Amino acid sequence: MTDAMNLAADDLVLPFEIKPLGVRGRLVRLGPAVDDILHRHAYPASVSALLAEAVSLAAILGAMLKFDGKFILQTKTDGPVDMIVADYVAPGKVRGYARFDAERVAALKNPGQVDLLGTGYLAMTVDQGPDMERYQGIVPLDGADLTAAAHSYFEKSEQIPTRIRMAAGPLFQRGAKGEAWRAGAIMVQHLPREGGSSPLPSHSGDAPEGVDVAPQENDDWVKARLLLDTVEAHELLDPQLSAEQLIYRLYHEDGVTAYPATHLERYCSCSQDSITRMLARFPAEDRADMVTDGEISVTCEFCSTTYKVQPGNLTP
């Protein structure tokens, strides 16, 4: 890693590689983009933190796409936060939304992700476009947070040793009112090097029947994940600590290479035209029930923008 690399500390996905360990990774730093997403809604702090981590997870996984497409992370559960949707659209657009029961959330004292999510599932969908088949992976959420669910997905579906750390929280600004939310995530994966053996845990088939032999992890992978586990929340959120500085702190002994970062920005797909077209597809009697004071109002769940549509402008 060279001193010439001087990337912004916020709103990016930074790919990196520790070649001697056969490890590749990504680091997500979110500042204004996630703050914008959260402040468009009146989320309680615990819900904001949960959604911010979901957006980080969508970004770190979506950035793995090798084509222009969309990665959609969605939860459906019976918890106080019964639905979360976070999208990553290549090459670098993110958005997110959380649906929650305010009374149930308020009744919880210092709730963690497991308390907020309850029981249900996490779905991860890769949308390659209208002419391509979607790919979806589903992981149960039953006493698991988002990080644990992602680990379970990679272990069972992809069979790639993967370690993820995430954090989210508000930063109180000097001389400014309110707070600015930040989020971060870092992921490492152990991939077989050319001509090398698989990094997946393995054990000898010569053990006597009935003897339980614990699988042995590759030493390089053990080192990489143990170092990742030392990352603290404040390191992922600190705007004064650059992405390059953080990965250097972790892996400088083995030599870490940083690659060009992808800039992240908040986006939304809603527009006056798209809302009008959507309403035009409703039956006339349904549209009539939506009219208030001579117009139909529609508010986007993602960005909270309200659109006004005159019924006379709707044609079948």
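Every number here is computed from the coordinates shown, using simple stated rules; none is lab data. Everything quoted here is computed from the prediction, not taken from an experiment. Methodologically, a virtual Cβ is constructed for each residue, glycine included, from the backbone with ideal geometry; neighbour enumeration extends over all protein chains shown.
Just grab the label-to-label distance for residue 278 and residue 156, each label 7 Å out from Cα along the Cβ direction, in nm (one decimal).
Here the answer is 3.3 nm between the modelled labels.
Once you place label points 7 Å from the Cα toward the Cβ at residue 78 and residue 287, how far apart are they in nm?
4.0
For residue 42 and residue 269 in the same chain, what is the full-extension length gain: residue separation times 0.36 nm, less their Cα-Cα distance, in nm?
79.6 nm
Taking only C-alpha pairs under 8 Å that are 6+ residues apart, what is the relative contact order of the range 272-313 in percent?
Relative contact order comes out at 33 percent.
Using packing as a proxy for protection, rank 265-277, 65-77, 45-57 so that the peptide with the highest average count of other Cβ atoms within 10 Å comes first.
Highest-to-lowest ranking by the protection proxy: 45-57, 65-77, 265-277.
For the range 50-151, just the Cα set please: Rg and Dmax, both in angstrom.
Radius of gyration, then largest Cα-Cα span, for the range 50-151: 14.0, 47 Å.
Hey, with R₀ at 22 Å, roughly what FRET efficiency would residue 259 and residue 191 work out to, going by the Cβ-Cβ distance, to 0.05?
0.90
Quick one: which of 156-164, 227-235 comes out on top by average Cβ neighbours within 10 Å, and what's the full order, highest first?
Top to bottom by mean Cβ count within 10 Å: 156-164, 227-235.
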